[in-house]
Amino acid sequence: MSERVKFATKLGVIATTVGSAVGLGNIWRFPYEAGMNGGGAFLLIYILCVLILGIPVMCAEFVIGRRSKSDTVDAFRKLAPGSRWHYIGYIGVLASVLILGYYMVISGWTLEYLFRALCNDLTGKTAAEFKAEQNAFIQSDFRPLLWIFLFLIINYLILAKGVQKGIEKMSNILMPLLFVILIVFCIRSLTLPKAGEGLSFFFHPDFSKITPQVIVRAMGQAFFSLSLGMGVLITYSSYFSTKTHLIKTAGTVALLDTTVSVLSGVIIFPAVFSYGLDPVAGPDLVFVTLPNVFNQMPVSALWSSLFFLLLTVAALTSTVSLFEVAIAFFINHMHVSRKKATWTMILIIAILSTICSLSIGAWEHIRLFGKTIFDACDYFSAIILLPLGGLLISIFIGWVLKRNISREELTNRDKLHEPLFNAIFFSIKYIAPVIIIFIFLSGFGII
Ligand code: PFF
């Protein structure tokens with residue numbers, strides 16, 4: 001058997017994994033979820049979810065991936081032969097397809113806005129005009145599809161080049177760029193006149209808004225943002241070398257990802273307050289409220305171009321990781337070349353994201369469980385499948401796989417002095433499963 005490809009450098013390991021984690025989830029989804037669900041209180045619960053559930057489940061995925069060096073289905077087959085645990089891998093492939101279906105649509109919007117910003121078409125408009133234009137754009141049949149297909153082609157070009165020359169190289173360049181742009185925006189936002197009000201809205205905890213449903217949403221957001229529960233990190237860690245320090249990597253990724261989410265709030269809310277806009281605008285926050293904010297700043301085209309470039313970069317490094325789950329699976333199971341596997345996935349996602357995009361406009365009347373197809377893909381994957389995957393993965397590591405294997409992986413066969421091992425293993429075995437089940441049961445009104 002040929003040796004499995006590996007990420008070439010330490011930077012590559014962090015850049016690709018953080019690249020998967022940091023995405024629309026941080027910059028588009030997190031601020032509006034926090035804005036609508038209690039500001040600082042949501043942030044607090046979110047951070048607890050990352051610490052108590054996120055880091056242990058991430059370590060669990062790393063153990064599975066690096067030990068098995070396989071795609072997400074075969075990983076379980078290798079570690080638990082003859083059992084049914086590999087169904088978790090199928091849940092992962094399904095979740096990656098569902099997420100890509102609607103994630104691509106929003107990625108397409110970011111390209112549209114980047115294009116319009118570069119053409120200086122986001123200036124000189126009123127708030128009502130921004131809103132009307134956004135509605136007309138997302139509900140139209142063809143224009144969003146054009147951008148989706150362009151985004152898919154960019155994904156293809158990177159993915160077809162392979163793990164090292166495509167994914168790793170792209171992440172090494174784009175992730176530092178993303179952090180630089182973020183910092184520039186932070187400075188700009190914090191020097192606005194009403195920055196303090198925005199910050200206190202974002203950080204002030206309103207515990208009266210916290211309900212069991214909000215806790216379910218915070219947990220879903222943590223899994224979504226950290227790319228957990230569906231095999232992305234199993235697949236990526238199968239490309240880690242034996243020297244990679246798994247616990248340290250999980251801590252670094254969680255820290256950087258959470259930092260980007262918090263910074264996004266720090267960028268968005270001071271701006272929203274300084275220009276007298278609505279901080280609880282929901283999903284429109286980034287596509288309607290922010291262009292409106294930039295519009296009122298000097299050199300607005302520059303700010304909006306930079307911002308939508310940031311969003312596009314974040315989206316791209318995440319979609320590539322979502323694709324990689326299914327591509328690695330196809331290569332292994334259908335015995336096809338990387339190019340063919342990539343094409344097949346691109347076609348499947350082109351169809352699904354077309355359906356998702358149309359479900360916002362012409363096909364809005366089609367409902368699944370009372371939701372549009374777009375919303376159903378989001379809800380079903382982020383709120384249900386990912387935490388469910390995380391639950392099963394932690395049960396697998398805590399109760400099925402021999403503890404010794406986790407120990408070997410998390411301490412690099414005892415080469416590392418790892419005082420945290422016992423605590424992490426305890427969290428994987430007891431704390432994560434109990435809390436995920438409890439949050440599910442209370443969120444859905446069962447207890
Ligand atoms: N973590 C990405 C984000 O925050 O945008 C989205 C994502 C990527 C979710 C990969 C799940 C995943 F497996």
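Could you list, ordered by first residue, the pairs with Cβ atoms under 8 Å in which the first is in region 19-43 and more than 19 Å from residue 254 (Cα to Cα) and polar (S, T, N, Q) and the second is modelled with pLDDT under 95 and in a loop (DSSP other than H, G, I, E, B), at least 6 apart or interchain?
So the pair list comes out as 37/210.
Which ones in region 376-385 are over 11 Å from residue 99 (Cβ atoms) and either surrounded by 20 or more Cβ atoms within 10 Å (Cβ to Cβ) or at pLDDT 90 or above (or both)?
Narrowing region 376-385 to residues over 11 Å from residue 99 (Cβ atoms): 376, 379, 383-384.
Residues satisfying the conditions are 376, 383.
Among the listed residues 366, 348, which satisfies the condition of being away from the ligand (no atom under 16 Å from the Cβ) and either free of Cβ contacts under 8 Å to residues at least 24 places away in the same chain or not in a helix (DSSP H, G or I) (or both)?
Working: 348 fails: either free of Cβ contacts under 8 Å to residues at least 24 places away in the same chain or not in a helix (DSSP H, G or I) (or both).
Just one listed residue meets the conditions, 366.
For region 1-106, please list each of the helices (runs of 4 or more DSSP H) lying entirely inside it that holds at least 2 residues being away from the ligand (no atom under 15 Å from the Cβ) and crowded, with 20+ Cβ neighbours inside 10 Å. Write out each step before concluding.
Numbers: elements: 10-21, 30-36, 40-49, 55-68, 72-79.
The qualifying helices (runs of 4 or more DSSP H) are 10-21, 40-49, 55-68, 72-79.
Where in region 152-263 are there helices (runs of 4 or more DSSP H), lying fully within it, with 1 or more residues that are at pLDDT 90 or above, out of contact with any Cys (no Cβ under 6 Å at 6 or more places or on another chain) and within 17 Å of residue 11 (Cβ to Cβ)? Give the steps one after another, and end with the answer.
Details: elements: 169-190, 195-203, 212-225, 232-237.
In region 152-263, the matching helices (runs of 4 or more DSSP H) lie at 169-190, 232-237.
Can you tell me how many residues within region 227-239 are out of contact with any Gly (no Cβ under 7 Å at 6 or more places or on another chain) and more than 10 Å from the ligand (Cβ to nearest atom)?
Within region 227-239, residues that are out of contact with any Gly (no Cβ under 7 Å at 6 or more places or on another chain) and more than 10 Å from the ligand (Cβ to nearest atom) number 1.
Can you tell me which of 304, 238 is in contact with a helix residue (DSSP H, G or I) (Cβ under 6 Å, 6 or more places away or on another chain) and within 15 Å of residue 189 (Cα to Cα)? It would help to see each step written out before you state the result.
Working: 238 fails: within 15 Å of residue 189 (Cα to Cα).
Of the residues listed, the single one that is in contact with a helix residue (DSSP H, G or I) (Cβ under 6 Å, 6 or more places away or on another chain) and within 15 Å of residue 189 (Cα to Cα) is 304.
The values are calculated or read from the model by the stated rules, or taken from the named source; none is laboratory data. Predicted model, so just to flag it, every value in this text is computed and none were measured. Glycine gets a Cβ as well: all are built from the backbone with ideal geometry, and neighbour counts include every protein chain shown.
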